[in-house]
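Read the figures in this text as sums done on the coordinates, not as results from a lab. Everything numeric here is computed off the predicted structure, so don't read it as measured data. With ideal geometry, Cβ positions are generated from the backbone for all residues, glycine too; neighbour counts draw on all protein chains shown.
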Amino acid sequence: MHDTPPLTLPHGAAPVAVHRPEGRGRAVVVCEHAAAAIPADLGDLGLTAADRLSHAVWDPGAGALAAALSARLDAPLVAGTVSRLVHDCNRPDGSAAACPERVERIAVPGNVGLTAAARSARAARVAAPFHAAVARTLDAAPADAALITVHSFTPVWNGTPRQTRLGLLHDTDARLARAMAATLRPRAELNRPYGPEDGVTHMLARHALPRSLRNVMIEVRSDLLVEPGQVAALADRLARALTAALSDTAAEAAR
Ligand SMILES: [Zn+2]
């Protein structure tokens, strides 16, 4: 089973952690939804006990997969240490989507009726340091590094089981996603179970596209990330596919 993650962010702790900052691989790994912790002053955002570790709060297994990929690629990892419900760093700063009142069937009372000023304050607290850490890490990375974000999605959405197991999402730059999909077996699906039209490629659009960096958002169904052995095996496959795809697209990256 997933290890129980920290539920409370200690007072004064940063909302982001950079692991393996000295990594010299040609990639930077980002995991926005790695954590379930909520700062003590926000309580539990009114979540029920049953929802407290649900997919609305974090991406179960994504942090472990991101860490394993970071190790295999010798790449830095920028990971959130705060629940996405405080402020989702993969949504525009201070937007309603960044502080959702409801996710699927899960109510978030602590986010209901937030003013624009309150959402902006959340952004200043969480998103500003997070994006600054991503930018600093990319600044220090090789010029042809790729941005790789790692997420998990819930197996059942609004009562409907999802068939997709592994998605490779892209925004307007599909180079890396397509090159990975060409070699990954079993198959990965492009822009499934959702895509840029759902607003989920914010991180790629914000940090990779302006720098013309190759990029991909890896989405794994969370029931495939429960056991450490599953995580390790998938990290092996993804690292191999990523390494090949980075090599296959190197000439384009150097344009
Ligand atoms: Zn996510």
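Mind ordering 88-99, 47-58, 143-154 by average Cβ neighbours within 10 Å, highest first? Mind dumping the intermediate values first?
Details: 88-99: 20.3, 47-58: 17.5, 143-154: 23.3.
Those peptides, ordered most packed to least, come out 143-154, 88-99, 47-58.
Peptides 32-42, 118-128, 74-84 ranked from most to least packed give 74-84, 32-42, 118-128, packing being the mean of other C-beta atoms within 10 angstrom over each peptide's residues. Highest mean packing comes first when the peptides 12-22, 231-241 are listed by Cβ atoms within 10 Å, giving 231-241, 12-22. Phi angles of region 86-101 translate, via the Karplus equation with coefficients 6.51, -1.76, 1.60 and θ = phi - 60°, into HN-Hα couplings of 6, 6, 7, 6, 9, 9, x, 4, x, 6, 4, 5, 7, 10, x, 7 Hz per residue; Gly and Pro are given as x.
Computed about the Cα centre, the dipole magnitude for region 82-123 is approximately 40 debye when only Lys and Arg (+1) and Asp and Glu (-1) carry charge, each at its Cβ.
Below 8 Å, C-alpha to C-alpha, sequence gap of six or more: please give me the relative contact order for the chain in percent.
Reported as a whole number, the value is 23 percent.
Residue-wise HN-Hα couplings along region 6-18, as the Karplus relation 6.51 cos²θ - 1.76 cosθ + 1.60 with θ = phi - 60° gives them from phi, are x, 9, 10, 7, x, 4, x, 6, 6, x, 8, 10, 10 Hz; Gly and Pro carry x. Rounded to the nearest 20 debye, the dipole magnitude of the chain is 420 debye, with +1 charges on Lys and Arg beta carbons, -1 on Asp and Glu beta carbons, and the Cα centre as origin.
Considering only DSSP beta bridges whose two residues both sit in region 8-254, what percent are antiparallel, to the nearest 5? Can you show the working numbers first?
Details: 12 of 30 bridges.
The antiparallel fraction comes to roughly 40 percent.
Give me the distance between the Cα centres of region 130-164 and region 176-235, rounded to whole Å. Region 130-164 and region 176-235 have Cα centres spaced 7 Å from each other.
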